[in-house]
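A.B. asks: Quick one: structure below, then a few questions.
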Amino acid sequence: MLDGLRNEKRPPYARETFWADLKAGVILVASYVPIAMALGVIAGVGPLAGLWCGVIVGIIAAVCGGTRGMVSGPAAVLAVATATLLMDDAMTLPELAVVVVMAGAIQVALGLAGVGRYISYMPHIVLTGFMSGVGVLLLWKQTETLFQFGASDLALAAFCLVLILLWPARIGKFIPGPLAAVGIGWMAALFIPGIHALGPVPVGLPVPILEFPSVDLLQKAVGPAVLIALISSVYTLMWSLIADTFTGSRHNPNRELFGVGLGNIAAGIAGVMPGSAQIGTMTVRQFGGKTVVAGIVCLVIVAALILGLGPYVATLPLAPLFAIVMLVGWQMIEFSFLRKIPRMDPRYSTVMLLVMAVTVFVNPVFAIMFGVIAANVVSAAQLESLELDSVISTPLLDRTFSAEAPDEFAARIGLVAFRGSFTVSSSRKLIALIAADIRDHDVVIFDLSRATHVDDSAAHLLAQVIDRAKQTRTEIVVCGLNDRIREPLFAFDVLDRIPEDRIAETEKDARDLAWSLLTAAR
């Protein structure tokens, strides 16, 4: 089990790499701090919880994870999901802590079970719809709050947003645009009356709020924990793929899930928001970082800052933080995907838009579950078509068996040749087609020599077809069984319904057997 957590052999860590990581880590602090604080506010747990999420999840995931250039911490998708759980007092902070710990434990279990690579198979249309919906939600919520605050806050947020967009890239290598917006916006707020400030921020180490859960709370927390784990895992592995393009290495998805899961367990115990990989992965690369050491350097500095930061940020205006979140939301909307909708299969574009709408208007956490189900329905419909195309049902005239075959036996033998997969997607419709062969022929040959997979649902329905054949006195001959196909057919008693003398090795043997059955019945 632990073999799946081992990383591939990597080149030695050189002095030049360390200096590049050190420089990038120091510069990353400037952009990491305001974004983490803003996401903590959005999540409803406060700016300090956003910062501590970065320190706890980021350092543990960097040390125990499996991606060379990853930076982890608070992410916009998880901030919105966390806010949803806390909305309207649906959950208390101690209850949220239980959810975060359970989500981390699920991720650790997935990593140890070696299924990390399958988590990244989340349908792209679902992930795109969810991310775009979260982006719209972030824009909407921040704009709504700014209008409630008043014209002064709205004007300052607009100024900061324009400042970030127009900030020169050459200067941004040393002073990131978000940090400049916070600093300049802070100074501007001193001369503008009525600006809403962040207020006092407690300092020191995070205070654990985790309580021993009751059975009722565990039942209540299972659903949110699974969804938080799913969102964090998919988002993390998506960034792992992006990081691989930067570093030229290959990430270990199981170890990455294990590392992020440990980080989320610690985050839940500490009473902060859940985390995942985040946009700092790309930012640190732009600053010249090479490995996870850059992220560790950044987060160690952040930890040192927040131990004494509180008294100095009470007057920080919220408007610059809202501007940063609005920019993040805008960047999360997949405009390139939206432009492809007119030339896309309507089934896929419909699922994407529905997931986006559910995220915005219903519940971001529910949107993931809804999207996976909808995408599976679409995929099942397409898979049904492919599987039906791979199964051929034709009558075999008796003269193909014997040159002397009398005309009275013509077309009394049917052949159903299974090719590829035979699953729940196509089984019911396919069984209806096979049932017609049973009615029209005295002997039906099931050729499974080219079948690659039969799932439990298909095997169960196939057993029912054989029972129906017995009622119509149609003989069933099976050929081409291999070990992969034999196992599910045996498990669901399909083979128990077929006498051993009706099971042939090859199609030729099956034809000879079918001919002998017809001859004996004369």
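A.B. asks: Determine the dipole magnitude for region 153-282: charges of +1 sit on the beta-carbon of Lys and Arg, -1 on that of Asp and Glu, nothing else is charged, the reference point is the Cα centre, and the result goes in debye to the nearest 20.
C.D. replies: 380
A.B. asks: Okay, next question. Pop a pseudo-label 7 angstrom from the Cα along the beta-carbon direction at both Asp496 and His124 and give the gap in nm to one decimal.
C.D. replies: 4.6
A.B. asks: Taking the highest mean first, how do the peptides 92-105, 482-495 order by number of other beta carbon atoms within 10 angstrom per residue? Write out the running numbers ahead of the final one.
C.D. replies: Working: 92-105: 22.6, 482-495: 15.4.
Taking the mean over residues of other Cβ atoms within 10 Å, the ranking is 92-105, 482-495.
A.B. asks: Can you tell me how much longer the chain between Met344 and Leu22 gets when fully stretched, taken as 0.36 nm per residue apart minus their C-alpha distance, in nm with one decimal?
C.D. replies: Stretched out fully, the Met344 to Leu22 stretch lengthens by 111.4 nm.
A.B. asks: Nearest 0.05, what FRET efficiency do Phe335 and Ser214 give at R0 = 41 Å with Cβ-Cβ as r?
C.D. replies: E(calc), rounded to 0.05, equals 0.35.
A.B. asks: Measuring from label point to label point, each 7 Å out along Cα→Cβ, what is the Leu305 to Thr519 span in nm?
C.D. replies: The two pseudo-label positions are separated by 8.9 nm.
A.B. asks: Turning to a different aspect of this structure: Apply the Karplus parameterisation 6.51 cos²θ - 1.76 cosθ + 1.60, with θ equal to phi minus 60°, to every residue of region 263-276 and state each ³J(HN,Hα) to the nearest whole Hz, in sequence, with x for glycine and proline.
C.D. replies: x, 6, 4, 5, 5, x, 4, 7, x, 10, 6, x, x, 6
A.B. asks: For Glu144 and Thr315, compute 0.36 nm times the residue count separating them, minus their Cα-Cα distance, and round to one decimal in nm.
C.D. replies: This chain segment gains 59.4 nm when fully extended.
No value in this document is a laboratory result; all are computed from the given coordinates. Keep in mind that what you see is a predicted model, and the values were worked out from it rather than measured. Neighbour counts run over all protein chains shown; Cβ positions are idealised from the backbone, glycine included.
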